[in-house]
Amino acid sequence: MNRGLRMPLAMLAAPLAFFVAFFLAPLAVVILASLSDTANAWTLEQYVRVLADRYHWEVILVTFRIACLTTLVSLLLGYPLAWYLTRMVRWRAWRRVCVILLVVPMFTSNIVRSFGWMVLLGRKGLLNQTLLDGGLIDRPLRLLGTETGILIGMVYVLLPFMVLAIGNALSRLDASHELASADLGAPPRATFFHVILPLTLPGVISGCIMVFTLAVSAYVTPALLSGGRISVLSMLIFQQYSSVFDFHYGGALSVVLLIFTLVMVGFAGRIGRTRGDA
Amino acid sequence: MPALLNIEAVSKRFGAFTALRDIHLHIGQREFVALLGPSGCGKTTLLRTIAGFSHPDSGRLLMDGQDIGPLPPYRRPLNTVFQNYALFPHMTVQENVAYGPRRQGASRREAGERAREALTLVGLEDLGERYPREMSGGQQQRVALARAIVNRPKLLLLDEPLSALDLKLRKRMQLELKHLQEKLGIAFVFVTHDQEEAMTMADRIVVMNAGRIEQVGSATEIYSTPASRFVAEFIGDANLVDYRVDAQGRARLALPVADLTLPAPDASDGVAVLRPEHLRLVDAGEPGQLRAQVRDIVTVGSHTLLHVETDDGMRLVARTPGLPEAHLGVGSRVALGFDPARLHLIGTPR
């Protein structure tokens, strides 16, 4: 072997082994399990079970609807928030406080935060009480156990990822492009849509991909906020693995989720490539 | 002809730093004006103020008689070539140039046509489909120029547009810019810290220092009759000689030459400028000469700079055409002569 190559390879060995042991091997186990039955014979039966059932398609639809809406709402809230943090906050200490406020919740357990939302969104929760006291509604809104409730919780949990991805793109934007746009006769609105948005699109896409993949595979938040009324794919998978112990069927569900997600992400990545850094 | 742009009493402070102090300047139609000065002198702030990116604390900007001070940059009838070009990286060259007309309401087709026209003017008609990152610095510079002139502004602002180019290309672009300006018939305001660049291109040069205008004039004027010590030293090489004004109102120069007096511009003592090319080597014995010893010889090729020290310790620079004469060396004794009429006496600094 080439002497000059031995060192880099030795250094790569540890991370490579880690990657194989903790990323590829579990995935392979899941895929192999999904392609076999309880007698360990090769079969596609699990996939037929998943895809031939109307119920599964409904769950897939709900899962992706919640994930897509979470991504969309996070984007619509996250872009202005990132704009505020990178463009409008002049006082550095305040910006730091804002970023800390944004990031600190991520240090707490997802379970704790989702329970928090259960309290807030309940029939007699803070939100309904406030709205009732303010005379804005006559009867409490049903939020727990609805997709809206799950959506609120998911956006709360995942918004920081979107803000950080877009904020990063915004702060790296060369200010002279905006000056040039204004100089050429573009009012601020036109400058935003023709220059700033296209130039921050890579950040937007990466934020969307992050939020989407986390939302589509989220378990804790939908499980706690669904109140048992709504199921998403990750909840079905969890049932198969933890209560039914059907690893073959659970594996097939996991692979279906993975493939659907990869297709969506690949699609988004394509938009990012053709428009983003063109 | 009335001025295109009147800058009246414009001042700007950034905290404790004064960027512009009471600037008055008129820019004529079709005029090529260079704002020249060291970094931090306020020339870029003045340009940004005209463009609308910086707001003066006081003063007015009148363009064709209209106060453009309250107008945002996108409503001002002028365009800018930025120092780093600021080309949009996500658009092709053609799209970059068509951006201006599009934002001003031209149809896609009309904007495309005008963009092609502008690109032809700068010699890039075949490269419209490329992206800025696929082009050389010189080509990007031309794209920036095409993008800025496509809207046919009455005034083009250029912020050190040639500073990123290498020397040869810069020299060529200086002449090209000058010709383009004449062809288009629009006024250029050009910011530079390079006096040669300013002198090559500009009809009028505005020399700035510490937020103030030191002098406004043609290249010849600011070179041969500098208004201040700063201008004399900043533009070219200069020998500065102190003088005292005597009771008869004659300026007596601190040069070891007998009986050299000149009419003084005003009553106070000052400094006189003698350009190095006006000091020449003479044969010893002629009247009115300076005796000195050579300290350094700098050979540039087209001319030679002789750094000398006179017998009473004054350091001077003389410029002689061509290569140095063979017998000259460091330590040689020389005699220098000059025509007293070449001395320019700077009056009391303002």
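The values are calculated or read from the model by the stated rules, or taken from the named source; none is laboratory data. All values reported here derive from a predicted model rather than from experimental measurement. Cβ: placed from backbone, ideal geometry, glycine included. Neighbour counts: every protein chain shown.
Just a few scattered comments:
- Number of residues in the range B:296-324 that are without any contact (Cβ under 8 Å) to a residue 40 or more places away in the chain, in contact with a Leu (Cβ under 9 Å, 6 or more places away or on another chain), over 13 Å from B:GLU277 (Cβ atoms) and surrounded by 11 or more Cβ atoms within 10 Å (Cβ to Cβ) equals 8.
- Filter result for B:LEU162 (within 25 Å of the chain's Cα centre (by Cα), more than 14 Å from chain A (Cβ to nearest Cβ) and not in a helix (DSSP H, G or I)): yes
- Which numbered condition B:ASP312 misses (of (1) at pLDDT below 85; (2) within 23 Å of B:GLY236 (Cβ to Cβ); (3) not polar (S, T, N, Q)): (2)
- Counted residues, the range B:245-295 - those being among the small types (Gly, Ala, Ser), more than 10 Å from B:ALA335 (Cα to Cα) and surrounded by fewer than 14 Cβ atoms within 10 Å (Cβ to Cβ): 5
- Residue under evaluation B:ALA111, criteria (1) more than 30 Å from the chain's Cα centre (by Cα); (2) at the interface with chain A (Cβ under 10 Å from one of its Cβ atoms); (3) part of a helix (DSSP H, G or I), criterion not met: (2)
- Pairs are defined by a Cβ separation below 8 Å, a sequence spacing of at least 6 or placement on different chains, a first member in the range B:20-34 that is free of Cβ contacts under 8 Å to residues at least 24 places away in the same chain and within 15 Å of B:THR49 (Cα to Cα), and a second member that is surrounded by 15 or more Cβ atoms within 10 Å (Cβ to Cβ) and of a type outside the set (A, V, I, L, M); the pairs so defined are B:HIS26/B:ASN6.
- Filter result for B:LEU78 (surrounded by fewer than 19 Cβ atoms within 10 Å (Cβ to Cβ) and among the hydrophobic types (A, V, I, L, M, F, W, C)): no
- Selection status of A:PRO105, under 28 Å from A:THR261 (Cα atoms) and at pLDDT below 85: yes
- Extreme residue, nearest to the chain's Cα centre (by Cα), among residues of the range A:251-278 that are among the small types (Gly, Ala, Ser) and modelled with pLDDT of 85 or more: A:GLY266
- Residue satisfying all of: in the range B:236-257; in a loop (DSSP other than H, G, I, E, B) and in contact (Cβ under 8 Å) with a residue 60 or more places away in the chain; nearest to B:ALA292 (Cα to Cα) among these: B:ALA254
- Single residue of A:ASP174, A:ASP138, A:ASP183 found to be out of contact with any helix residue (DSSP H, G or I) (no Cβ under 7 Å at 6 or more places or on another chain), modelled with pLDDT of 85 or more and of a type in the set (Asp, Glu): A:ASP174
- Verdict on B:PRO226 being within 14 Å of chain A (Cβ to nearest Cβ), buried (at least 21 other Cβ atoms within 10 Å of the Cβ), part of a loop (DSSP other than H, G, I, E, B) and in contact with a helix residue (DSSP H, G or I) (Cβ under 7 Å, 6 or more places away or on another chain): no
- Filter result (farther than 17 Å from A:HIS56 by Cα and surrounded by 16 or more Cβ atoms within 10 Å (Cβ to Cβ)) within the range A:227-246: A:GLY227
- Test: residue in the range A:207-216 that is touching a residue at least 24 places away in the same chain (Cβ under 8 Å), assigned to a helix (DSSP H, G or I) and within 26 Å of A:ARG92 (Cβ to Cβ): yes
- Residues that are touching a Leu at 6+ places or on another chain (Cβ under 6 Å), among the aliphatic types (A, V, I, L, M) and over 15 Å from A:ASN110 (Cα atoms), drawn from the range A:130-161: A:ILE137, A:LEU143, A:LEU144
- A:GLY203 meets the conditions (1) within 10 Å of chain B (Cβ to nearest Cβ); (2) part of a helix (DSSP H, G or I); (3) among the small types (Gly, Ala, Ser) in every case but one. The failed one is (1).
- Conditions (1) surrounded by 15 or more Cβ atoms within 10 Å (Cβ to Cβ); (2) farther than 14 Å from B:VAL93 by Cβ; (3) within 14 Å of another protein chain (Cβ to nearest Cβ): number failed by B:ALA146: (2)
- The range B:59-91, residues that are part of a loop (DSSP other than H, G, I, E, B) and either of a type in the set (Lys, Arg) or more than 9 Å from chain A (Cβ to nearest Cβ) (or both): B:ASP64, B:GLY65, B:ILE68, B:GLY69, B:PRO70, B:LEU71, B:ARG76, B:PRO77
- The number of residues in the range A:181-194 that are part of a helix (DSSP H, G or I) and either surrounded by fewer than 22 Cβ atoms within 10 Å (Cβ to Cβ) or free of Cβ contacts under 8 Å to residues at least 12 places away in the same chain (or both) comes to 9.
- Search result, residues across the range B:5-53 that are assigned to a loop (DSSP other than H, G, I, E, B), over 15 Å from the mean Cα position of the chain (by Cα) and buried (at least 21 other Cβ atoms within 10 Å of the Cβ): B:GLY52
- Per the listing B:ALA187, B:ALA251, B:ALA210, B:ALA198, the residue uniquely assigned by the TED database to the domain that holds B:LEU343 and aliphatic (A, V, I, L, M) is B:ALA251.
- Criterion (of a type in the set (A, V, I, L, M, F, W, C), surrounded by fewer than 24 Cβ atoms within 10 Å (Cβ to Cβ) and away from every other protein chain (no Cβ under 11 Å)) met by exactly one of A:MET210, A:MET154: A:MET210
- Residue check for B:GLY52: within 14 Å of chain A (Cβ to nearest Cβ) and in contact with a helix residue (DSSP H, G or I) (Cβ under 9 Å, 6 or more places away or on another chain): yes
- Hey, A:THR86 assigned to a helix (DSSP H, G or I), closer than 17 Å to A:ALA169 by Cβ, of a type in the set (S, T, N, Q) and in contact (Cβ under 8 Å) with a residue 24 or more places away in the chain or not: yes
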